[in-house]
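Taking it in order: structure first as structure tokens, then the write-up.
The values are calculated or read from the model by the stated rules, or taken from the named source; none is laboratory data. On a predicted model such as this, the values are computed, not experimentally measured, just so you know. In this analysis, Cβ positions are derived from the backbone assuming ideal geometry, glycine residues included, and neighbour counts consider all displayed protein chains. Keep in mind that these areas ignore ligands, DNA and RNA; they rest on the heavy atoms of the full protein, side chains included. Shrake-Rupley method; radii C 1.70, N 1.55, O 1.52, S 1.80 Å.
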Amino acid sequence: PRQPAKTLWYDRPRYVFLEFCVEDSRDVQVSIEEQRLVFSCRNADGVQFYNEIELYAPVNSKDSQEKRSDRSITCFIRKWKEKVAWPRITKENIKPAWLSVDFDNWRDWEGDEEVERAMVEQYAEV
């Protein structure tokens with residue numbers, strides 16, 4: 001039986017960030033479509049994780065990436081409409097139990113583009 005991974009998200013002027021919290025992930029698959037993201041993987045114990053998110057607004061799947069670490073898989077997804085805030089990550093106004101806002105990374109956007117650019121560059125280098 002598969003289960004959803006605990007997921008954190010936050011919003012930035014150009015990207016939305018999604019972090020799937022699975023330690024020691026294997027067989028990671030991330031599919032980003034124009035308005036949908038599908039994530040799946042297994043953990044060290046062989047538990048299957050699967051998340052499907054109908055996204056709030058269209059995204060540019062070609063300019064979206066993911067980065068795996070020992071503790072999680074982070075996706076940064078390029079918005080089609082930059083500088084438009086997303087009040088939520090899901091299309092429907094319902095919040096799945098496994099999804100929450102990453103308040104540690106949630107900030108005002110004032111002067112935030114430099115920070116965002118640095119983060120994306122840092123991720124891209126790994």
ask   = At a Förster radius of 22 Å, what calculated FRET efficiency corresponds to the Cβ-Cβ distance of Lys67 and Gln3, to the nearest 0.05?
value = 0.45
remark   = Stretched fully, the stretch from Arg36 through Asn60 gains (0.36 nm per residue minus C-alpha distance, one decimal, in nm) 7.6 nm
ask   = How much accessible surface area, in Å² rounded to 10, belongs to the heavy atoms of Glu114 with a 1.4 Å probe?
value = 120 Å²
request  = With no solvent and one equal point scatterer placed on each C-alpha of segment 18-87, evaluate the Debye formula and give log10 I(q)/I(0) for q = 0.14, 0.22, 0.28 Å⁻¹, two decimals.
outcome  = -0.43, -0.92, -1.26
ask   = Near Pro1, within a Cβ-to-Cβ distance under 14 Å, what is the net charge of the other residues, with Lys and Arg +1 and Asp and Glu -1?
value = +1
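Hey, got the dipole for the chain? About the Cα centre, +1 on K and R Cβ, -1 on D and E Cβ, debye to the nearest 20? Kindly include the intermediate steps, with their values, before the conclusion.
Values: 20 positive and 25 negative charges, 84 e Å.
Computed about the Cα centre, the dipole is about 400 debye.
Output the relative contact order of the chain, whole-number percent, from Cα pairs under 8 angstrom with separation of 6+ residues. Walk me through the numbers on the way to the answer.
Details: 244 pairs, mean separation 37.2, N = 126.
Over the chain, the number comes to 29 percent.
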Percent of C-alpha pairs per 5 Å bin, segment 2-125, short to long = 2, 11, 22, 25, 21, 12, 5, 1, 0
